[in-house]
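Notes for the one structure printed next.
The values are calculated or read from the model by the stated rules, or taken from the named source; none is laboratory data. This structure is a prediction, so every number in the text was calculated from the model and none was measured. Please note: Cβ atoms are built from the backbone with ideal geometry, for glycine as well, and neighbour counts cover all protein chains shown.
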Amino acid sequence: MPQTEPAPRSYLVAVDGSDAAYAALGAACDLAKRTKASVSVLYVIEVPRSVALDAELADQVERGEGILADAEHIAAEHGITVQADLIQARQAGHAVVDEAIDRGAEAIVLGVEYHRPLGQFTLGRLPLYVLEHAPTQVWLIRYPAVESAR
């Protein structure tokens, strides 16, 4: 009989302002509350190579801070206080994996929107990178897309 692993003691949830990311955060908070685990929330601003990595990107920082404020509110509704951080990086996938390692996160939680461009389901660049490179558990929570009224 396979041995059951203990529940993670710390989660890192990457948020981007999508319903899928907020749903994943809610799920992570519910689990963390039951097991007394910690939750960190991360928003990554992807900086193009043509711009200095530490450039002031006021509009994007403002957007990210708003998303993190929404994430903190969602976590509070679930009875959890989160550590929320905004960072700038060249590639979001690298940043999420590096932050998970630096923080000692035992699970990375990502919300994935369900969409089928050209009839195929695609995950996207961030989830694929994290799945391939993270040395921790990776949880993908697929959020159903809202169908337009017909």
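Answer yes or no as to whether Tyr143 is among the hydroxyl-bearing types (Ser, Thr, Tyr), surrounded by 15 or more Cβ atoms within 10 Å (Cβ to Cβ) and modelled with pLDDT of 95 or more. Give the steps one after another, and end with the answer.
Numbers: among the hydroxyl-bearing types (Ser, Thr, Tyr): yes; surrounded by 15 or more Cβ atoms within 10 Å (Cβ to Cβ): yes; modelled with pLDDT of 95 or more: no.
Judged against the criteria, Tyr143 is not a match.
Quick check: anything in the range 25-36 surrounded by fewer than 21 Cβ atoms within 10 Å (Cβ to Cβ), part of a helix (DSSP H, G or I) and in contact with a Gly (Cβ under 8 Å, 6 or more places away or on another chain)?
yes
Hey, any hits in the range 98-109 for a residue that's in contact with a Gly (Cβ under 9 Å, 6 or more places away or on another chain) and either surrounded by fewer than 17 Cβ atoms within 10 Å (Cβ to Cβ) or within 19 Å of Leu131 (Cα to Cα) (or both)?
Looking through the range 98-109, none of the residues is in contact with a Gly (Cβ under 9 Å, 6 or more places away or on another chain) and either surrounded by fewer than 17 Cβ atoms within 10 Å (Cβ to Cβ) or within 19 Å of Leu131 (Cα to Cα) (or both).
Criterion first (at pLDDT below 95 and of a type outside the set (S, T, N, Q)) does Ala20 satisfy it?
Here the answer is yes, as Ala20 does meet what is asked.
Starting from the range 39-62, take each residue that is over 28 Å from Gly104 (Cα atoms) and list its partners that are in a loop (DSSP other than H, G, I, E, B) and of a type in the set (A, V, I, L, M), counting only C-beta distances under 6 angstrom and pairs at least six apart or across chains.
Final answer for the pair search is none.
Within the range 59-85, count every residue that is surrounded by 14 or more Cβ atoms within 10 Å (Cβ to Cβ) and over 18 Å from Tyr11 (Cβ atoms).
Within the range 59-85, residues that are surrounded by 14 or more Cβ atoms within 10 Å (Cβ to Cβ) and over 18 Å from Tyr11 (Cβ atoms) number 4.
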